[in-house]
């Protein structure tokens, strides 16, 4: 059977290239971030009638999540969404943390 592709012969001692390891957060940090987000969303429902308290709670939540998770762009849209009146009834912070957990390891494929 003949093919047009050349065969590549590697020496026995050659090492196959490995993909770079993705640096992910530990489960403990992710659990703490999820707990902070859940507590913040529960408290946000209680402070719907007091917008200044709700804004302060959201800023404090964003800062705590920033300290736990590091610099993540998903925190900024979460903070902006929480600043919209009436959005405090939705679990925005929990959704932000879940999106960071799910999409944190996804990277753009490199050009070959």
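Please tell me if residue 88 is modelled with pLDDT under 80, in contact with a helix residue (DSSP H, G or I) (Cβ under 6 Å, 6 or more places away or on another chain) and part of a helix (DSSP H, G or I).
yes
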Of residues in the range 33-60 being in contact (Cβ under 8 Å) with a residue 40 or more places away in the chain, over 18 Å from residue 74 (Cα atoms) and crowded, with 16+ Cβ neighbours inside 10 Å, the one nearest to the chain's Cα centre (by Cα): 44
Count of the range 90-103 residues which are buried (at least 16 other Cβ atoms within 10 Å of the Cβ), under 8 Å from the mean Cα position of the chain (by Cα) and under 12 Å from residue 75 (Cβ atoms): 3
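Here is a yes/no grid of residues against (1) closer than 20 Å to residue 104 by Cβ; (2) part of a loop (DSSP other than H, G, I, E, B); (3) at pLDDT below 90:
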site	(1), (2), (3)
33	yes, no, no
38	yes, no, no
56	no, no, no
59	no, no, no
62	yes, no, no
68	yes, no, no
73	yes, yes, yes
Test: residue in the range 14-25 that is surrounded by 14 or more Cβ atoms within 10 Å (Cβ to Cβ) and modelled with pLDDT of 80 or more: no
Residue 109 being loosely packed, with under 12 Cβ neighbours inside 10 Å and either at pLDDT below 80 or closer than 21 Å to residue 28 by Cβ (or both): yes
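The values are calculated or read from the model by the stated rules, or taken from the named source; none is laboratory data. Note that the coordinates shown come from a computational prediction; the quantities given were computed from them, not determined experimentally. All Cβ positions, even for glycine, are placed from backbone atoms using ideal geometry, and neighbour counts span all protein chains on display.
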